Amino acid sequence: MPASKRSTRACRNSPVHEAIVIAVQLPEAAEADVHRSLAELKQLLLGLDITAVAEVVQKRSVRSSPAYLGEGKLRELAALTGGTGEVPRGPDARRADRAASQPAERLVVVADDELSPGQLRNLQAALGVDVLDRTAVILRVFESRARTREARLEIELARIEYELPRIRDDHTLGDREGGGGRASRGHTNVELAKQRARDRMAAVRRELEQLKESAGQRRLARADSFRVALVGYTNAGKSSIMRQLTGSDVLVEDRPFATLGTTVRQLSPPATPAVLVADTVGFIHRLPHALVASFHSTLSEAREAWLLLHVVDAADPAFRSQIRVTEQVLADIGAAETPALLLLNKADRLGREERDALAREHPGALLMSALDHRDGDALRARIEAFFAQHLVEQTVSIPYDRHGVLAELRDRLQVVREEYGDEVSVTVRGTPEALGKLAARLSGGR
């Protein structure tokens with residue numbers, strides 16, 4: 001079994017309850033930022049029912065040493081885990097890797113970085129316990145939160161991509177299995193494990209393509225509607241705002257990544273033309289690139305939205321860096337140019353002076369609390385005002401025998417006035433696209 005799979009499986013199935021978190025602080029990194037990142041990592045671990053009981057931070061010039069930490073710090077950490085503190089070399093490395101397949105049950109060491117396959121193996125051998133990195137923890141949290149088939153497949157794809165390069169460093173799979181003809185020595189178990197992983201990746205991608213085709217058809221059917229997407233750092237309150245705007249019974253929990261996948265609901269009470277609101281997956285500091293790439297369908301809602309509601313936990317001291325993280329992810333997925341309204345949420349937790357200072361710092365933002373219906377009404381008014389500027393007014397004549405078109409018009413467009421004569425003269429306001437479809441219907445097209 002690959003080392004990464006062994007660690008991930010231990011975290012899933014063994015009674016692991018405690019963790020030691022470790023980090024390397026580079027010269028350019030502020031101490032406050034390092035500890036803020038560690039606090040976020042601890043919060044993620046709590047979502048897996050793992051409590052961080054200690055932390056070890058080492059100041060170093062690089063993160064690329066063979067065992068991540070320096071020799072002295074490694075021995076110091078091994079005193080806590082019961083390991084030797086030494087990275088085995090030569091023939092001892094193979095025996096140490098086999099021994100590491102029987103780790104301590106209650107303890108895991110978690111690095112606040114993505115470790116290379118060699119670093120992961122060396123740390124496990126020196127410490128005598130399972131080692132996870134930040135990416136593995138985030139993947140595990142995502143796996144525990146996924147509810148839809150599409151979200152589960154996208155997370156599985158990201159996990160396989162993460163684990164695939166780590167297979168080659170495993171020494172526990174044995175030597176070779178037969179096959180390949182009379183003169184062939186057969187394939188190594190590592191090669192076979194890699195091929196199985198690639199085959200599974202191909203199967204997952206095929207199924208995802210089918211699901212994305214269906215999602216694309218649903219988005220096409222909603223093309224006449226205005227679309228809003230909630231984006232922002234995880235646990236900023238997006239789902240609470242979604243519930244405020246749409247009245248939908250979406251999951252609201254005070255934990256990272258409580259929402260995965262996309263939930264789309266209509267603004268309530270309904271607006272004309274319809275406004276659809278999408279709640280998307282939250283972002284996080286150093287979100288694994290494989291997850292950003294995998295969540296294509298979820299993030300496409302942000303790319304295709306007319307308006308982004310960028311939700312921020314204004315009561316979090318780190319909210320400014322969280323804004324930058326969200327803006328960077330939006331740029332990565334091609335949504336940087338989409339109009340956005342900054343929502344400084346949880347403002348009820350701030351004092352008057354703090355609120356005034358934020359209003360001066362972000363004059364175009366809306367300070368609000370997702371728990372206050374008056375703030376929800378103010379947000380709805382801002383959304384309606386934004387879309388009003390995209391509406392075009394037009395007068396059309398509809399024969400009385402085309403009452404079906406008239407009914408559809410009233411459902412999808414704003415009716416300014418109606419006048420009755422030989423035909424019904426209706427002045428409406430709508431998007432150019434919707435008015436174009438209306439003209440096509442009246443001329444006999446579909």
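Brief remarks follow.
- Length-normalised contact order of region 299-446 in % [C-alpha pairs under 8 Å, at least 6 apart]: 17
- Around Glu55: net Lys/Arg minus Asp/Glu count, Cβ-Cβ under 13 Å: -2
- Share of carbon and sulfur in the accessible heavy-atom surface of region 278-373 [1.4 Å probe, %]: 51
- Loop-located GluC sites (Glu not before Pro) in region 337-442, at most 15 other Cβ atoms within 10 Å (DSSP): Glu337, Glu423
- Scoring 318-326, 151-159 by mean Cβ neighbours within 10 Å over their residues and listing the highest first yields 151-159, 318-326.
- With a simple spin-label model that places each label point 7 Å from the Cα along the Cα-to-Cβ direction, the separation between Asp332 and Asp372 comes to 3.4 nm.
- Calculated FRET value between Arg286 and Arg152, using beta carbons and R₀ = 22 Å, to 0.05: 0.45
- What region 284-394 shows is 49 Å² of accessible area per residue, with the surface traced by a 1.4 Å probe over protein heavy atoms.
The values are calculated or read from the model by the stated rules, or taken from the named source; none is laboratory data. This is a predicted model, so every value here is computed, not measured. Here Cβ is always computed from backbone atoms with ideal geometry, including for glycine, and neighbour counts include all displayed protein chains. Surface accessibility is based on the protein's heavy atoms, side chains included, excluding ligands, DNA and RNA. Shrake-Rupley method; radii C 1.70, N 1.55, O 1.52, S 1.80 Å.
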